[in-house]
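Engineer: Just passing along the structure, written as structure tokens.
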Amino acid sequence: MEDFRTGRRFPVHLPMKFLGNQNIPPGSTANISAAGVYLWVDGGLPVDSAIEFEIEIPAESIGAEHDAKLHCHGRVLRCDSDQEHGRTGVACVIEKYEFVRAGEGEGQPC
Amino acid sequence: MLKIILADNQAIFRAGIAKVLAVEDDVRIVAQAQTVEQAMVSIEKFRGSVMIFASSFLPETARLVTLARESGIQLVVIAESSESPDRYLSAGVLGVIYRSVDSAELLRCVRRVSEGLAYSQDSRNAAQNPDSDDFVGARVRDRLTPKELKIVALIVQGYKNKEIAGLLGTTEQVVKNYLRNVYDKIGVSDRLELALFTIHHRILAEAAAASAAAMQQAQANPPTGTAG
């Protein structure tokens, strides 16, 4: 498969969870760029479906006192079955994001 | 003389590699490229060189390999630690290193590849201790001022520009100016990429957090003036 990504991908593994109506257990990120994210989750998602999810940034990973979160709206580009580990890789484009501090409600868009 | 072309969209990384190679008497950096197009021009101009390029150029790997073969250029890719070297080696790239590579291994790789021999850094070492030789993170940390480090810390903690301005006692526009400088120094394009870079380079995250903590402590306990 040809790779059309141009932004730098960071192999950052962070916990994530879906918001909204997605009935899928929490998963984790495999890599993230400013434009997209690859997730490991337990369950598939329809290609081209809109999704809302939150990536947790644990305090210890940034040397801070409190966790932060990255609230994202995106769209599913592709799902890859990983039968060996019983999980699904989900490639998503990030259409909109905002950082949210621990204890903070909905922030203003960046 | 071993001629090197550095091709990476991150200026800070090119600077880090250049610093390592500059001390070698028989190595000379003949060109630096920020884009694939610049890399292509350099390949045609400096035949017989070794080009070290970033994996962000991956979509153009086939073009790079083809042109490099025609120009007698050997290729070394800087891969991400989660990537297997096989995809590059099978594509015709002779050397695979990771961003955590140390100076000695970088030189070993470049010299071996210049002789037409394949070299692949052990990816397990790349993933085991990314901090130990994170000269990219260290170099960025050393280039940022204490105030820029504090802004980086606040960004990854989720603060918005207006809130950062309030904490620093300045205006939102000044914070934006600082951020633009930080983006230029690191080679990122927005706050998300900045946050990801910082999380990925723990050495920078820790320095930023320490700088933020020191500044907050200084604000909480301002020095008492002496009567003149």
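The values are calculated or read from the model by the stated rules, or taken from the named source; none is laboratory data. Every value quoted in this text rests on a predicted model; they were computed, and no experiment measured them. Ideal geometry is used to build each Cβ from the backbone, glycine not excepted, and the neighbour counts take in all protein chains shown. Surface areas here come from the heavy atoms of the whole protein model, side chains and all, with no ligands, DNA or RNA. Shrake-Rupley method; radii C 1.70, N 1.55, O 1.52, S 1.80 Å.
Engineer: For B:Ser114, B:Ser100, give me the order by solvent-accessible area with a 1.4 Å probe, most accessible first, ignoring ligands, DNA and RNA.
Structural biologist: Largest accessible area first, the residues go B:Ser114, B:Ser100.
Engineer: Residue separation times 0.36 nm, minus the C-alpha to C-alpha distance between B:Lys19 and B:Glu172: what's the value?
Structural biologist: 51.5 nm
Engineer: How high is the relative contact order of the range B:135-220? Use alpha-carbon pairs under 8 Å, at least six apart in sequence, and give a whole percent.
Structural biologist: Relative contact order for the range B:135-220 comes out at 47 percent.
Engineer: Same structure again: Zone of A:Ser49 (label point 7 Å along Cα→Cβ, backbone N under 11 Å): which residues in the range A:69-84?
Structural biologist: A:76
Engineer: Just list whichever of B:Lys3/B:Lys45; A:Lys96/B:Lys160; A:Lys17/A:Lys69 have alpha carbons separated by over 21 Å in the model shown.
Structural biologist: Over 21 Å Cα-Cα: none of the listed pairs.
Engineer: Quick one: ranking B:Glu172, A:Glu98, A:Glu84, B:Glu115 by accessible area, 1.4 Å probe, largest first, what do you get?
Structural biologist: From most exposed to least exposed: A:Glu84, B:Glu115, B:Glu172, A:Glu98.
Engineer: Can you tell me which lysines have their Cα less than 19 Å from the Cα of B:Lys185? Leave out same-chain residues fewer than eight positions away.
Structural biologist: Within the straight-line cut-off, B:Lys185 pairs with B:Lys19, B:Lys147, B:Lys150, B:Lys176.
Engineer: Taking Cα pairs under 8 Å and at least six residues apart, what relative contact order does the range B:20-173 come out at, in percent?
Structural biologist: Worked out over the range B:20-173, it gives 15 percent.
Engineer: Taking every pair of Cα atoms in chain A, average 1/r, invert it to obtain the Kirkwood radius, and report Rg/Rh to two decimals.
Structural biologist: 0.96
Engineer: Which one, B:Gly72, B:Gly158, B:Gly16, has the greatest fluctuation when you compute a Gaussian network model over chain B with C-alpha springs under 10 angstrom?
Structural biologist: B:Gly158
Engineer: Can I ask one more? How fast does the range A:38-101 diffuse by Stokes-Einstein, in µm²/s, taking the Kirkwood radius from C-alpha pairs at 20 °C and 1.002 mPa s?
Structural biologist: My calculation gives 166 µm²/s for D.
Engineer: Would you kindly find the accessible area of B:Lys185, with a 1.4 Å probe and non-protein molecules such as ligands, DNA and RNA excluded, rounding to the nearest 10 Å²?
Structural biologist: Surface accessible to solvent at B:Lys185 totals approximately 50 Å².
Engineer: What Kirkwood Rh does the protein assembly as shown have if only Cα atoms enter the pairwise 1/r average? Answer in Å.
Structural biologist: That comes to 21.5 Å for the protein assembly as shown.
Engineer: Calculated FRET efficiency, B:Lys162 and A:Gln83, Cβ-Cβ r, R0 56 Å, to nearest 0.05?
Structural biologist: Calculated transfer efficiency: 0.70.
Engineer: Continuing with the same structure: Taking Cα pairs under 8 Å and at least six residues apart, what relative contact order does the range B:19-82 come out at, in percent?
Structural biologist: 31 percent
Engineer: Quick one: Debye curve from the C-alpha atoms of chain B, no solvent, what's log10 I(q)/I(0) at q = 0.15 Å⁻¹?
Structural biologist: Result of the Debye calculation: -0.96.
Engineer: With only alpha-carbon atoms counted, please give the Rg and Dmax of the range B:9-134, in Å.
Structural biologist: Radius of gyration, then largest Cα-Cα span, for the range B:9-134: 13.4, 38 Å.
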